[in-house]
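Novice: Have a look at the structure that comes next, please.
The values are calculated or read from the model by the stated rules, or taken from the named source; none is laboratory data. All of these numbers come straight from a predicted model, not from anything done at the bench. Quick reminder, even Gly has a Cβ in these numbers, built from the backbone with ideal geometry, and neighbours come from all protein chains shown.
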Amino acid sequence: MTLRGKSAVVTGSTSGIGLGIATALARQGAAVMLNGFGEAGVIETIRDGLAERSGAPVGFHGADMTKPAEIADLMAAAADAHGPVDILVNNAGIQHVDPIERFPAERWDAVIAVNLSSAFHTIQAALPGMRAGGWGRIVNIASAHGLVASAQKSAYVAAKHGLIGLTKTVALEAAGSGVTCNAICPGWVLTPLVQRQIDNRARDQGLSVEAAERDLLAEKQPSGRFVTPEQLGEVTLFLCSEAASQMTGSSLSIDGGWTAQ
Ligand code: NAD
């Protein structure tokens, strides 16, 4: 499969899962617009390294995905640089862990904005061009928490369940147009987002980081292993393939058995 000639946007791709997916898309030849936060020099090293290794055009736009005007600018910049967006991966996400009585309203708003509303804005911007071209792939990075809940993650669980609902609605509205919309639901992936939770668990329970990591996996993920960003990149490539052209509105669990329980 080659994605040469396709224009892709991956939100939140300066680290973790988004970077794994952007790498997989660029290696198949897609022109990729990266997005996310981080130190400018580090991001430029990532962008330049990916462009060199893949031979594909790779750009960067630092839109804050809580801000609709910046999201509009990201989508316009991607289309200007690489052509109308064919592949949209809504991946940017943040977490906040607190019981609901103590959950700061400002963190609720931020989690919903980044993890859910940003996907509404990017899809609204990209879908007309995908329809016009008769081909498009929208991949929403939800979570096992889009299917089941955990205590103390009210905003994240609500946003991820919402993202799966948005996925289904977009799939229905786009059905028959050549555009598909699916969600990927990873279990634990060892990224900075999860490392923070492991470090907090180690601190709160007086454990070593290794013991906290084992506990975290044992609690939810029967395989006892982390999912990797590279594996999620491969799943995204599958969703971009011809084999997946009739697959739309689906939620794919890649979670070591988490949601089979
Ligand atoms: P990460 O912290 O490594 O990466 C998050 C990315 O989003 C970074 O590039 C960051 O800069 C960017 N980002 C955060 N806030 C942003 C904002 N306001 N505007 C623009 N970019 C922003 O996290 P990750 O684990 O790779 O998470 C990626 C996605 O995968 C998230 O949606 C997360 O919910 C989901 N997910 C992660 C796991 C896991 O175990 N790590 C499991 C299931 C789902």
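Novice: Going residue by residue through region 104-112, is there one that turns out to be assigned by TED's automatic domain parsing to the domain that holds Val235 and closer than 18 Å to Ala171 by Cβ?
Specialist: No - not one qualifying residue is present in region 104-112.
Novice: Also, I was wondering about something else. Specify which of the listed residues (Gly49, Gly41, Gly5) is at positive phi and either at pLDDT 95 or above or surrounded by 24 or more Cβ atoms within 10 Å (Cβ to Cβ) (or both).
Specialist: Details: Gly49 fails: at positive phi; Gly41 fails: at positive phi.
It is Gly5.
Novice: Take the residues of region 178-194 that are part of a strand (DSSP E or B) and surrounded by 21 or more Cβ atoms within 10 Å (Cβ to Cβ): which is farthest from the ligand (Cβ to nearest atom)?
Specialist: Within region 178-194, the first condition is being part of a strand (DSSP E or B), and the residues that meet it are 179-186, 189.
With surrounded by 21 or more Cβ atoms within 10 Å (Cβ to Cβ) added as a condition, the list becomes 179-186.
On the way: Val179: 21, Thr180: 19, Cys181: 16, Asn182: 14, Ala183: 10, Ile184: 8, Cys185: 7, Pro186: 4 Å.
Only one residue fits best here, namely Val179.
Novice: Can Gly256 be described as at pLDDT 95 or above, within 15 Å of the ligand (Cβ to nearest atom) and in a loop (DSSP other than H, G, I, E, B)?
Specialist: Yes: the conditions hold for Gly256.
Novice: Check region 149-159 and report whether any residue there is out of contact with any helix residue (DSSP H, G or I) (no Cβ under 9 Å at 6 or more places or on another chain), more than 21 Å from Pro229 (Cα to Cα) and part of a helix (DSSP H, G or I).
Specialist: No, because not a single residue in region 149-159 is out of contact with any helix residue (DSSP H, G or I) (no Cβ under 9 Å at 6 or more places or on another chain), more than 21 Å from Pro229 (Cα to Cα) and part of a helix (DSSP H, G or I).
Novice: Inside region 90-115, can you point out the residues that are crowded, with 17+ Cβ neighbours inside 10 Å, within 10 Å of the ligand (Cβ to nearest atom) and among the hydrophobic types (A, V, I, L, M, F, W, C)?
Specialist: Within region 90-115, Ala92, Ile94, Val111, Ala113, Val114 qualify.
Novice: I need every pair where a residue in region 17-40 that is in the same structural domain as Gly93 (by TED's automatic domain parsing) and within 16 Å of Leu3 (Cα to Cα) has its Cβ under 8 Å from the Cβ of a residue that is among the aromatic types (Phe, Trp, Tyr) and more than 7 Å from the ligand (Cβ to nearest atom), sequence separation at least 6 or different chains.
Specialist: Met33/Phe60
Novice: Continuing with this model, one more query. For region 195-230, give me each residue that is within 12 Å of the ligand (Cβ to nearest atom), within 14 Å of the chain's Cα centre (by Cα) and in a helix (DSSP H, G or I).
Specialist: The one that is within 12 Å of the ligand (Cβ to nearest atom), within 14 Å of the chain's Cα centre (by Cα) and in a helix (DSSP H, G or I): Pro229.
Residue by residue, here is whether (1) more than 14 Å from Gly12 (Cα to Cα); (2) touching a residue at least 24 places away in the same chain (Cβ under 8 Å) holds:
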site: Ala69; (1), (2): yes, no
site: Ala81; (1), (2): yes, yes
site: Asn91; (1), (2): no, yes
site: Gln95; (1), (2): no, yes
site: Asp109; (1), (2): yes, no
site: Leu116; (1), (2): no, yes
site: Ala119; (1), (2): no, yes
site: Met130; (1), (2): yes, yes
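Novice: Mind listing just one residue for me: the one in region 119-148 that is within 12 Å of the ligand (Cβ to nearest atom) and part of a helix (DSSP H, G or I) and, of those, nearest to the chain's Cα centre (by Cα)?
Specialist: Among those that are within 12 Å of the ligand (Cβ to nearest atom) and part of a helix (DSSP H, G or I), it is Ala119.
Novice: So if I check each of Leu166, Leu172, which one is within 22 Å of the chain's Cα centre (by Cα), surrounded by fewer than 14 Cβ atoms within 10 Å (Cβ to Cβ) and at pLDDT 95 or above?
Specialist: Result: Leu172 is the single residue among Leu166, Leu172 that is within 22 Å of the chain's Cα centre (by Cα), surrounded by fewer than 14 Cβ atoms within 10 Å (Cβ to Cβ) and at pLDDT 95 or above.
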